[in-house]
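The values are calculated or read from the model by the stated rules, or taken from the named source; none is laboratory data. In this text, all values refer to a predicted model and were calculated from it rather than measured experimentally. Here the Cβ is made from the backbone with ideal geometry for all residues, glycine too, and neighbour counts use every protein chain on show. SASA here: full protein model, heavy atoms, side chains in, ligands and nucleic acids out. Shrake-Rupley method; radii C 1.70, N 1.55, O 1.52, S 1.80 Å.
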Amino acid sequence: MSSTYPKFAVVGHPNKGKSSIVASLALDASIQVGNTPGTTQVKRGFPLKVDGEIVYELFDTPGFQRARRVFAWLEQHGDVPADKRSDVVREFVFEHKESNQFRDEVELLEPILAGAGIIYVVDASKPYGAEYEVEMEILRWCGQPSMAILNLIGDEDYREDWTRALGQYFRLVRTYNPITAGHEEHLALLESMAQLKEGWTKPIKKAITVLDELYDQKINNSITTIVDYMTEVLSFVHKENIKGEVLSKEEEERAKIAYREKIVNYELQERKRIESIWNHVNVQKHEGELVLDEVGLFSEESASIFGLGQKELIITGASAGAITGAGFDLITAGHTLFLGSVIGGVVGGVGAMFGFDNLYEVKVLGQSIGKRELSIGPMQNLNFPYVLLGRSLYHASVIAKRSHAKRDDLDLENVSFTEKLMDASMRKGLEKVHAKFRKTKDIEADELNDYHNTIRNSFLNLLH
Ligand SMILES: Nc1nc2c(ncn2[C@@H]2O[C@H](COP(=O)(O)OP(=O)(O)O)[C@@H](O)[C@H]2O)c(=O)[nH]1
Ligand SMILES: [Mg+2]
């Protein structure tokens, strides 16, 4: 069994964000965090693995419960020189392992005695109090490399007082908020952890490099996922055989529904792929968001999520010189410009009024009965690609930035980010490719590469 990688035990008072810090540093959203103390009952190791290799391991532990009594025991048994104090702690753990009396302390001390570094977590939005000193004393007796993390759970800030006190017990004191921390903050904290022990500097520096590469890889995979998705949806043509001589109304309706469902499903699949790239597979979404995922793509809200006003949508098409006959109809129709209201209208049964059929061609192919085929698509609406793109870029950036300590629902509503998303010249570049999708023409490798890069730039803007 190899155990060369650094290990850290995250310890402290109950409810100070220990589990949240472990989740954030292990990039693991499955770790239980809780409002009620006692959510974490037993210690548990969370290794951070990259390509099957462990780069470091964090131990989530229960909070101190009876620190005063533990320290009294240590003092009673610990009339020893400083270098022997960890033996006394070991004795304490050995003696109380089987009883339940100090279960939480036994759990949290074990990984430290087995060689883990100490990360002591406090909530610096609450005033400092001397009652924490026994905890810090116990940890000092363990004689392991240690640092303290100031977490600001509430709005107030007592970091100065805390820093003065913590500085007497811990080698390093750093601020880290597990809920808001992103990639940069994660790496900055690792830089500090690398200083705790000589033997850890190299492996943690290595971890930083590996995590940085992993981050770039995740960005690339996200862009590829989005580009693949755009390609699939924008060139999608639904086909089915027709039984009779003419296309029946029912057949046509059914086919249209199948076409729309397929497109909605493409989006759902894309979201799942993005969430899995960033290890956020179980992220909960608002009800409103769920609606957006399913029918919302075709609702008026999708236009505001996308952040484009009507005028800008017109400009998008016009500046790219892509107004075809059908496109112009849609644009002059005013409110039908939003794909949302158009298809939303159909769902509500008034589609014909809005010229729903202009959005994609329904063709009947083939000559003889029994060999006729119905085909729907690709989507001709000029704005459709930007609705898709805006929604997927925004979703991907929120997922990419999301700390694994966060447990709230994903909020994808009420966002407006027009120019930040993509300026006119970027949209113009994309439009060439979208036009080809609409005509089911092949896209050249160069063009697709430019397309990829534009989307990448837009995504990076959203990340920062
Ligand atoms: N707003 C905010 N909440 C936090 C922060 N850190 C932890 N929490 C919340 O505080 C509660 C306790 O966190 P948890 O990590 O389970 O604490 P533990 O008992 O020390 O493991 C959870 O509801 C967390 O979501 C923070 O930095 N900001
Ligand atoms: Mg916990």
Checklist entry - Does segment 170-189 contain any residue that is modelled with pLDDT under 95, buried (at least 16 other Cβ atoms within 10 Å of the Cβ), assigned to a helix (DSSP H, G or I) and more than 16 Å from ligand 1 (Cβ to nearest atom)? => result no
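Could you please let me know if residue 397 is at pLDDT 85 or above and either part of a helix (DSSP H, G or I) or surrounded by 19 or more Cβ atoms within 10 Å (Cβ to Cβ) (or both)?
Numbers: at pLDDT 85 or above: yes; either part of a helix (DSSP H, G or I) or surrounded by 19 or more Cβ atoms within 10 Å (Cβ to Cβ) (or both): yes.
Spelling it out, residue 397 is indeed at pLDDT 85 or above and either part of a helix (DSSP H, G or I) or surrounded by 19 or more Cβ atoms within 10 Å (Cβ to Cβ) (or both).
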Checklist outcome for this item: Within segment 191-245, the residues that are open to solvent by less than 40 Å² (accessible area, probe 1.4 Å) and in a loop (DSSP other than H, G, I, E, B) are 196, 236, 244
Checklist outcome for this item: Here the residues within segment 30-60 that are modelled with pLDDT of 95 or more and touching a Ser or Thr at 6+ places or on another chain (Cβ under 7 Å) are 60
Next on the checklist: Condition (residue is touching a residue at least 12 places away in the same chain (Cβ under 8 Å) and within 16 Å of ligand 1 (Cβ to nearest atom)) applied to segment 67-88: is it met by at least one residue?
Outcome noted: yes
Checklist entry - Residues in segment 124-147 that are surrounded by fewer than 18 Cβ atoms within 10 Å (Cβ to Cβ) and either within 16 Å of ligand 2 (Cβ to nearest atom) or more than 17 Å from residue 169 (Cβ to Cβ) (or both): how many? => result 3
Checklist entry - Looking at 157, 161, which is the one that is closer than 30 Å to residue 132 by Cβ, within 16 Å of ligand 1 (Cβ to nearest atom) and exposed (fewer than 15 other Cβ atoms within 10 Å of the Cβ)? => result 157
Checklist outcome for this item: Wholly inside segment 1-120, helices (runs of 4 or more DSSP H) that include 2 or more residues that are open to solvent by less than 10 Å² (accessible area, probe 1.4 Å) and away from ligand 2 (no atom under 14 Å from the Cβ) are 67-77, 85-96, 103-113
Checklist entry - Pairs under 9 Å by beta carbon, first residue farther than 18 Å from residue 176 by Cα and near ligand 1 (Cβ under 7 Å from one of its atoms) in segment 2-22, partner modelled with pLDDT under 95 and not basic (Lys, Arg), six or more apart or different chains? => result none
Checklist entry - So which pairs qualify, if the first residue must be in segment 176-201 and outside the structural domain of residue 280 (by TED's automatic domain parsing) and closer than 23 Å to residue 29 by Cα, the second must be part of a loop (DSSP other than H, G, I, E, B) and hydroxyl-bearing (Ser, Thr, Tyr), the Cβ gap must be under 8 Å, and the two must be at least 6 apart or on different chains? => result 178/403; 179/403; 180/403; 181/403; 182/403; 185/176; 189/176
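Just need a number here: residues in segment 42-65 that are within 16 Å of ligand 1 (Cβ to nearest atom) and free of Cβ contacts under 8 Å to residues at least 40 places away in the same chain. Steps first, please.
Filtering segment 42-65 down to residues within 16 Å of ligand 1 (Cβ to nearest atom) leaves 42-46, 58-65.
Still in the list and also free of Cβ contacts under 8 Å to residues at least 40 places away in the same chain: 44, 46.
Count: 2.
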Next on the checklist: Going by what's in this entry, would residue 240 be described as closer than 25 Å to residue 436 by Cα and in contact with a strand residue (DSSP E or B) (Cβ under 9 Å, 6 or more places away or on another chain)?
Outcome noted: yes
